[in-house]
1. Quick one: in the range 1-37, which of the residues that are in a loop (DSSP other than H, G, I, E, B) and of a type in the set (S, T, Y) is modelled with the highest pLDDT?
2. When the residues of the range 38-63 are narrowed to those that are out of contact with any Lys or Arg (no Cβ under 9 Å at 6 or more places or on another chain) and not in a helix (DSSP H, G or I), which ends up farthest from W198 (Cα to Cα)?
3. What are the residue pairs meeting all of these: first residue in the range 162-185, first residue touching a residue at least 40 places away in the same chain (Cβ under 8 Å), second residue of a type in the set (V, I, T) and assigned to a loop (DSSP other than H, G, I, E, B), Cβ atoms under 8 Å, and 6 or more apart or on different chains?
4. With respect to the numbered conditions (1) loosely packed, with under 13 Cβ neighbours inside 10 Å; (2) modelled with pLDDT under 90, which one is the sole condition not fulfilled by G199?
5. Say we look at the range 211-224 and pick out the residues that are under 12 Å from Y238 (Cβ atoms) and either among the polar types (S, T, N, Q) or out of contact with any strand residue (DSSP E or B) (no Cβ under 9 Å at 6 or more places or on another chain) (or both); which of these is surrounded by the fewest Cβ atoms within 10 Å (Cβ to Cβ)?
6. Those residues that are without any contact (Cβ under 8 Å) to a residue 40 or more places away in the chain and surrounded by 15 or more Cβ atoms within 10 Å (Cβ to Cβ), I need them from the range 87-111; list them, please.
7. For the subset of the range 44-70 comprising residues that are under 17 Å from the mean Cα position of the chain (by Cα) and at pLDDT 90 or above, which member is surrounded by the most Cβ atoms within 10 Å (Cβ to Cβ)?
8. From the residues in the range 135-165 that are touching a helix residue (DSSP H, G or I) at 6+ places or on another chain (Cβ under 6 Å) and more than 23 Å from G237 (Cα to Cα), which one is modelled with the highest pLDDT?
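The values are calculated or read from the model by the stated rules, or taken from the named source; none is laboratory data. Model, not experiment: these values are computed from the prediction. A quick note on method: Cβ atoms are made from the backbone with ideal geometry, for glycine too, and the neighbour counts reach across all protein chains shown.
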Amino acid sequence: MSTDSGEATAGAAGSPRRMRVAVLDRDTGFIQVLVKRLNAHGYEQRSLPTAPGVDALVALRVNALVIDPAMLGADSWPYLERLCARLPGLAIVVCTGPSSVAQRVRGLRLGADAWITKPCHAEEVIALLQAAVRRSRRSETPLDAVAQFGEVMVRPDLHQAYVGETSLELTAREFELLQLLSGTDRVLRREEIYERVWGYAMAHGDRSVDVFVRKLRQKLRAASPGWDYIHTHFGVGYRFAPEREGERIADAALVGGMEDDRSSGRLAIVR
């Protein structure tokens, strides 16, 4: 297998940054070749002799996993299901011996990103990992699209946000956070935010997301004081929805008035 620098450079150039790969397999020959190629691409890797619990895997701070279910025996399906449910941003490539169509379909439906049959080429496994990590990090809106939210203009081409001509002076991490949050109208869990912005699973008790959301809020409020942009869903995460402060107060008053009318048995009529 070629290990010339040109091949390694070409592979790394089109691949995601900061890929950290855990390998859960007992095939020493396969592990040796795969680890060699991962190192050639400049990726961090960790070979695991046994299947770690989900929390232990989170502590390893990996964002990709190569797994052979044969190593887990009867517990392979429950284990894979737990991983996919708890770590939706983890790129998972199943690499195992011959399997049935039903097994492959089941694994993919549980949440595995790809299923490849041994014997296979290490570069193909790495290419599948790269594609899966790219998908998990991709925003739900085009990354190069200029977008306006309330008074804030997001400029991916400049990696910055503006109110009028004034820059919010966001750091790289703050901009990535803003771009992720503003790319969807749904609530994003803290764990998902961490995985997509930091690039690996969030360790238990890590408050980095809350700290950076607070910093981003402060800059948004300083530049656009009449608006609220980031809303907290306690115990869950954050949602991005630009709202004028006056509109939010009026909506709250309207809801409160309707509740008072319902409690008194009268119908509120808006004229």
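1. S15
2. Per the stated criteria, the residue is T50.
3. From residues that are touching a residue at least 40 places away in the same chain (Cβ under 8 Å), the pairs are S182/T141; G183/T141; T184/T141.
4. For G199, the failing item is (1).
5. Here the residue is R214.
6. Passing the criteria: V93, V94, T96, S99, Q103, R104, R106, G107, L110, G111.
7. A64
8. Selected residue: V163.
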